[in-house]
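One structure is given below, encoded as structure tokens.
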Amino acid sequence: MLKGVPAIIPPALLKILCEMGHGDEITIGDANFPGCSLCDRVIRMDGHGVPEILDAILSLMPLDQYTEHPAALMQVVPGDRTETPIWENYKQILGKHEERGAECLEQIERFAFYDRVREKSYAVIMSGEKATYANIILKKGVIKQ
């Protein structure tokens, strides 16, 4: 056991978060996200939703201070009438951990999002989140003294 580490963070994810350096990205995918086909490092967290995973990660890892948008959402496909109320949860969580709050977020077109995960994500976390368009990419920052 370790002090201060959220209980939902499995050892494999803690190892990955420690290995990541400044500018590395990690993706939290919803239950429909094709994580295994986009990244070699996949952590399964099927019993948890994205908001609780996001909150736990941001309690340990700062977002990149030198990037305008260190967090990215998958944009709703044009014509899709899906609502995304979960994004409001993300904004609240970002506001809890980051001075910039929701300003950290950008939206990326669906296939560009997949390409970015394939090209830049150090790892993908597969959650049990059933909300659609619940995927989020996080870019790691630095801890200053």
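The values are calculated or read from the model by the stated rules, or taken from the named source; none is laboratory data. Remember, it's a predicted structure, so these values are computed and weren't measured experimentally. Counting neighbours? That spans all protein chains shown, and the Cβs are built from the backbone with ideal geometry, glycine included. Keep in mind that these areas ignore ligands, DNA and RNA; they rest on the heavy atoms of the full protein, side chains included. Shrake-Rupley method; radii C 1.70, N 1.55, O 1.52, S 1.80 Å.
Model label sites at E88 and S59, defined 7 Å from Cα along the beta-carbon direction, differ in position by 2.4 nm. When a 1.4 Å probe is rolled over the protein heavy atoms, the share of accessible surface on the range 1-137 that falls to carbon and sulfur comes to 50 percent.
Summing Cβ point charges (Lys, Arg +1; Asp, Glu -1) relative to the Cα centre of the range 1-116 gives a dipole of roughly 360 debye.
Viscosity 0.692 mPa s, temperature 37 °C: what is the translational diffusion coefficient of the range 92-145 from Stokes-Einstein with a Kirkwood Rh over Cα pairs, rounded to a whole number of µm²/s?
Reported coefficient: 248 µm²/s.
Where the convex hull is taken over the Cα atoms of the range 39-145, what is its projected area averaged over directions, in nm²? Working shown, then result.
On the way: hull surface 28.2 nm².
Taking the Cα atoms of the range 39-145, their convex hull projects to 7.0 nm² on average.
With the cut-off at 15 Å, report for the range 1-98 the share of all Cα pairs above it, as a whole percent. For the range 1-98, the fraction of Cα-Cα distances above 15 Å is 67 percent. Here the chain carries DSSP beta bridges of which approximately 40% are antiparallel, counting only pairs with both residues inside. A simple count of charges around D115, restricted to other residues whose Cβ falls under 13 Å of its Cβ and scoring Lys, Arg +1 and Asp, Glu -1, yields +1.
What does the charge count around C104 come to, taking other residues whose C-beta lies under 15 Å from its C-beta (Lys +1, Arg +1, Asp -1, Glu -1)?
On the way: positive: K91, K96, R100, K139, K140; negative: E25, D55, D64, E68, E88, E98, E99, E103, E106.
Net local charge, C104 excluded: -4.
Each residue of the range 124-141 was assigned a 3J(HN,Hα) from its phi angle through the Karplus expression (A = 6.51, B = -1.76, C = 1.60, θ = phi - 60°), giving 10, 9, 9, 9, x, 4, 9, 5, 7, 6, 9, 6, 8, 9, 10, 9, 5, x Hz with x at Gly and Pro.
Rounded to the nearest 20 debye, the dipole size of the range 104-145 about its Cα centre is 180 debye, using +1 on the Cβ of Lys and Arg and -1 on the Cβ of Asp and Glu.
At 1.4 Å probe radius, can you tell me the per residue accessible area of the range 1-142 in Å²?
Details: 7250 Å² over 142 residues.
Averaged over the residues of the range 1-142, the accessible area is 51 Å².
Each label point was placed 7 Å from the Cα along the Cα-to-Cβ direction; for E119 and Y66 their separation is 2.0 nm.
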